[in-house]
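**Q** Here it is, the structure in full.
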Amino acid sequence: MVADHQGRERQGGISRFVADMLERDAVKLPRRQFLHLAAGAAALTAVSRIASAQAYPTRPVRIIVGFAAGGGYDIIARLIGQWLSERLGQPFVIENRPGAATNIATQVVVNAAPDGYTLLLIGPTNTINTTFYRNLHFDFIRKVNASSPGVGSISHLALELFKMMAGVKLAHVPFGGNGPALTALLGGQVEVSVASLPSSIESIRTGKLHGLAVTTAMRAEALGGS
C-alpha cells in the first residue's frame, strides 16, 4: 500500500493508528497473516526508511490514548501494547493524553514524525468529533485512493482481501497496468498502491517508494534490507 507525499500531510498522524479495538477484535489477526494480505510490494512514499517492514520497530513505540489511565481505552491500549511487545520485541509505551474529547491526543500524533513510532488508539469518539468540531487539523473520514493494474487483477484481489481482513476503507482506482498505477502513486494522484515486485523494486531500491510487505510467507530476497 502507498501514500503520496501530500497524502502524508493531509492524513497527518491518522495513518499511524491502532485500529479501534472496541468494535472489532483485530488484535487477534496473526502478524504473518496480516502481512500476507498486502501486495507483492507495498510502497509508501516520503516515509523514513527507519520504519521498514524488516527492521520495525528498532526502538520503543508510543501508543497515545485520549483518556485518563484506568478507563476502558487505557486498559485496551495496555493489552494491545503487551501483545505487540511480546511479538515484536520492543516496548510499546502507553501515554495518556486526556482532554478535548480525545482531540489533544490526536493532535500529538498528528504532530509526531511519520515514522510509525507514535500510534493512536481510536474509537467512536474520534469519528463523532468530526461532526462537532469544524476546525480540526486532521481528518478521520478522508477517502484514501488505492491504485491497481486493473479490475480483476491479482493486485486488485489482494487489495480487496486486505480491506476485508483489516477492516479499512480504500477507494479502488484501476489503471491499465502496473506502470500507470505506480506512476499515479509517484505523482501523488493516489495514496495507496498494490504492485508487483518486478514493477516496483527499482523505485523501492532508490528510495522513491517504501516497501512495506510482501504476500509470500518469506521475505523477498531481492529486496535485501529494504
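The values are calculated or read from the model by the stated rules, or taken from the named source; none is laboratory data. Remember, predicted model here, so these are calculated numbers, not experimental data. Because the Cβ atoms are built from the backbone with ideal geometry, glycine has one as well, and the counts that use them run over all protein chains shown.
**Q** Being surrounded by fewer than 19 Cβ atoms within 10 Å (Cβ to Cβ) and at pLDDT 85 or above, is that true of even one residue in region 163-170? Write out each step before concluding.
**A** Narrowing region 163-170 to residues surrounded by fewer than 19 Cβ atoms within 10 Å (Cβ to Cβ): 163-169.
Subset that is at pLDDT 85 or above: 163-164.
Yes, the conditions are met somewhere in region 163-170.
**Q** Would you mind finding the one in Gly179, Gly207 that is outside any helix (DSSP H, G or I), of a type in the set (Gly, Ala, Ser) and either surrounded by fewer than 22 Cβ atoms within 10 Å (Cβ to Cβ) or in contact with a Ser or Thr (Cβ under 9 Å, 6 or more places away or on another chain) (or both)?
**A** Working: Gly179 fails: outside any helix (DSSP H, G or I).
None of the others qualify; the one that does is Gly207.
**Q** OK, next. Only one of Ala158, Ala184, Ala222 is surrounded by 15 or more Cβ atoms within 10 Å (Cβ to Cβ), among the hydrophobic types (A, V, I, L, M, F, W, C), touching a residue at least 12 places away in the same chain (Cβ under 8 Å) and under 25 Å from Ala55 (Cβ atoms); which?
**A** Ala158
**Q** Can you list the helices (runs of 4 or more DSSP H) lying wholly within region 86-166 that have 3 or more residues being within 15 Å of the chain's Cα centre (by Cα) and among the aliphatic types (A, V, I, L, M)?
**A** Hits in region 86-166: 154-166.
**Q** May I ask you to list the residues in region 123-155 that are in contact (Cβ under 8 Å) with a residue 24 or more places away in the chain, in contact with a strand residue (DSSP E or B) (Cβ under 7 Å, 6 or more places away or on another chain) and either over 19 Å from Leu182 (Cβ atoms) or of a type in the set (A, V, I, L, M, F, W, C) (or both)?
**A** Residues satisfying the conditions are Lys143, Val144, Ala146.
**Q** Out of the residues in region 54-85 that are without any contact (Cβ under 8 Å) to a residue 24 or more places away in the chain and not in a helix (DSSP H, G or I), which is nearest to Phe132 (Cα to Cα)?
**A** Applying the first criterion (without any contact (Cβ under 8 Å) to a residue 24 or more places away in the chain) to region 54-85 yields 70-71, 74-75, 78, 81-82, 84-85.
With the extra rule that they be not in a helix (DSSP H, G or I), the set shrinks to 70-71.
Working: Gly70: 26, Gly71: 23 Å.
Here the answer is Gly71.
**Q** Just name the residue that is surrounded by the most Cβ atoms within 10 Å (Cβ to Cβ) out of those in region 92-105 that are among the β-branched types (Val, Ile, Thr) and farther than 18 Å from Ile80 by Cα.
**A** Thr102
**Q** OK, next. Given the conditions (1) among the aliphatic types (A, V, I, L, M); (2) out of contact with any His (no Cβ under 9 Å at 6 or more places or on another chain); (3) surrounded by 13 or more Cβ atoms within 10 Å (Cβ to Cβ); (4) at pLDDT below 95, which single one is not true for Val47?
**A** So the condition that Val47 fails would be (2).
**Q** Which of the residues spanning region 177-219 are more than 22 Å from Leu157 (Cβ to Cβ) and of a type in the set (Gly, Ala, Ser)?
**A** If the condition is that a residue be more than 22 Å from Leu157 (Cβ to Cβ) and of a type in the set (Gly, Ala, Ser), then Gly187, Gly188, Ser203, Gly207 are the ones that fit.
**Q** Moving on. Taking region 78-112, which residues are touching a strand residue (DSSP E or B) at 6+ places or on another chain (Cβ under 7 Å), among the hydrophobic types (A, V, I, L, M, F, W, C) and over 17 Å from Pro60 (Cβ atoms)?
**A** Ala105
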